[in-house]
Structure formats: structure tokens, C-alpha cells
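Notes follow once the structure below has been shown.
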Amino acid sequence: MAGGVAAALLAGFSLTTVAQLVIGQDHPWLSQWAIAAFAVAAALLVYALQFSATALGYAATPSDRLDFNPEAAFLPDVLKAIRARQWEEMQLRADYTVRAKLCYNFGLLAFLSGLGLILVPHQPWPWPLGRVVGVVVVSASLLIELAWTLSDGEWPKFLLPTSRDVKPDNLPDDGAYYLFARPEANEVIEGLRKCVGLLEQIASSDGQGSRAGAAGSGNETIGHPKPPQ
């Protein structure tokens, strides 16, 4: 979710930077604008955390709701009320997630803007090489983040591919050979079933033979009683 660990870390860094720029002795050339950018970033990132936490409060699954309301299994009115509440909270969760995403994206834009502003040196051109590299990298990151935010994650495609770029491989019978049981596996299963059937027949025939032997020994005993002692 947008308001994760990154949002908390960036918000803390923004607040620390604002405090340092306000109470510190050395101020960059565009420090006042950097303070404003970092303050906006901190506020937006904190709101991203708030919206994300609120959205998680509406994340109960249908099975969770049925566990808390077991009477819904035999009371249609209760089940209808639970389903209505489920749809309402799903909509609320989606709305809060969108707000968290917007706050995070614009907070990140403000954060990168403030980072770029404090890197601009207070001196004429040429700037120190380190400052030039820093400003170029932050500016490129800012442009990419801006394009990503405005296109809702659709651009730039070379850096942020989407699932629409994935195409399934052409497989015979749409991959049924890999999804379902193979013929040789069916033959093995059929052979095992025949073995089980044979074992059952052997067990039943042995049982009949033992019962017939017991009956025969009983008849012999009845026809030839033992002589009295």
C-alpha cells in the first residue's frame, strides 16, 4: 500500500530537514523554497499514512464477517445486511486507498523538489561537479515521478512495465497438456486400481476358503464324535 514504511521514513526525513534548515546557521541559496517543499512533503506523507491505516480498517474478508456472524448461514436478512456492509466497506477502502496513493505521489514530488532545491549552489556557473550530478539526477527522478503520477503508472514504459505487456506463450491446446493429467499418468493410476482389485479378489477368495475349511472340519467332528474316556 502507498502509506508503507517508505512514507514514514520520507516524512521523518522531511521534518528533520525542515528543522535543520530553520534553526541551522548555514542556509543553501534556495533554502526558503526547500523548507516549503519539505513541509508540504511531510504533511502529504503523514496523510498518506493516515489514509492507509484507515483503509486497512475496512479490509475484513467475507469469511471473517461470516465467522463473526454465524447466524447469517440460516438467516437471509442477516446475510443480506452483511453483504451490503461488505460492499460499502469495499468502496470506502477503495476511496481511502486512492487518497493515500495521491498523497504519497504528490508528497514524493514535493520531497524530490525540496531535495533538488537544497542542492542548487549559491554561486555562478560553473557549479561544482558533485552539485551538477546531484541536480541532474534529482531533476530526472522528478520528471519520471511526475510522468508516472500524471499517467497513473502507465509511463514511462521502459521503467514501469505493466501487465498488459505480458503475452502468454503459444502452446498446443492452450497448455491443456500441462494443466491436466497426462495419458501416462492415467495409465499408472489405472494399473494401481487393477492391482487393488486383484488384491481384494485374493483376500475375498482366501476368506471363502478359510470359511469352507472351518465348515468341513466342523462336519467331520459331528460325524465322528470322540469315544468316551
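Data for the structure
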| read-out | value |
| --- | --- |
| Of all residues in the stretch 183-197 being open to solvent by 100 Å² or more (accessible area, probe 1.4 Å) and not acidic (Asp, Glu), the one that is modelled with the highest pLDDT | 194 |
| Within the stretch 1-41, considering residues that are over 15 Å from residue 110 (Cα atoms) and crowded, with 18+ Cβ neighbours inside 10 Å, the one nearest to the chain's Cα centre (by Cα) | 2 |
| Residue within the stretch 64-82 that is out of contact with any Ser or Thr (no Cβ under 8 Å at 6 or more places or on another chain), within 26 Å of residue 11 (Cα to Cα) and open to solvent by 50 Å² or more (accessible area, probe 1.4 Å) present | no |
| Test for residue 129: is it under 30 Å from residue 114 (Cα atoms) and at pLDDT 75 or above | yes |
| Some residue of the stretch 142-150 being modelled with pLDDT under 85, farther than 19 Å from residue 30 by Cβ, of a type in the set (Ser, Thr, Tyr) and not in a loop (DSSP other than H, G, I, E, B) | no |
| Selection status of residue 93, open to solvent by 80 Å² or more (accessible area, probe 1.4 Å), out of contact with any Cys (no Cβ under 6 Å at 6 or more places or on another chain), of a type outside the set (A, V, I, L, M) and within 20 Å of residue 31 (Cβ to Cβ) | no |
| Residue among 60, 72 that is in contact with a helix residue (DSSP H, G or I) (Cβ under 9 Å, 6 or more places away or on another chain), in a loop (DSSP other than H, G, I, E, B), modelled with pLDDT under 90 and more than 20 Å from residue 103 (Cβ to Cβ) | 60 |
| Test: residue in the stretch 83-100 that is in contact (Cβ under 8 Å) with a residue 60 or more places away in the chain, under 22 Å from residue 151 (Cβ atoms), out of contact with any Asp or Glu (no Cβ under 6 Å at 6 or more places or on another chain) and not aromatic (Phe, Trp, Tyr) | yes |
| Residue in the stretch 7-29 that is in contact with a Cys (Cβ under 9 Å, 6 or more places away or on another chain), farther than 21 Å from residue 90 by Cα and of a type in the set (Gly, Ala, Ser) present | yes |
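The values are calculated or read from the model by the stated rules, or taken from the named source; none is laboratory data. Predicted model only: the values in this text are computed from it and were never measured. Counting neighbours? That spans all protein chains shown, and the Cβs are built from the backbone with ideal geometry, glycine included. Accessible surface is based on the protein model in full, side chains and every heavy atom, while ligands, DNA and RNA are left aside. Shrake-Rupley method; radii C 1.70, N 1.55, O 1.52, S 1.80 Å.
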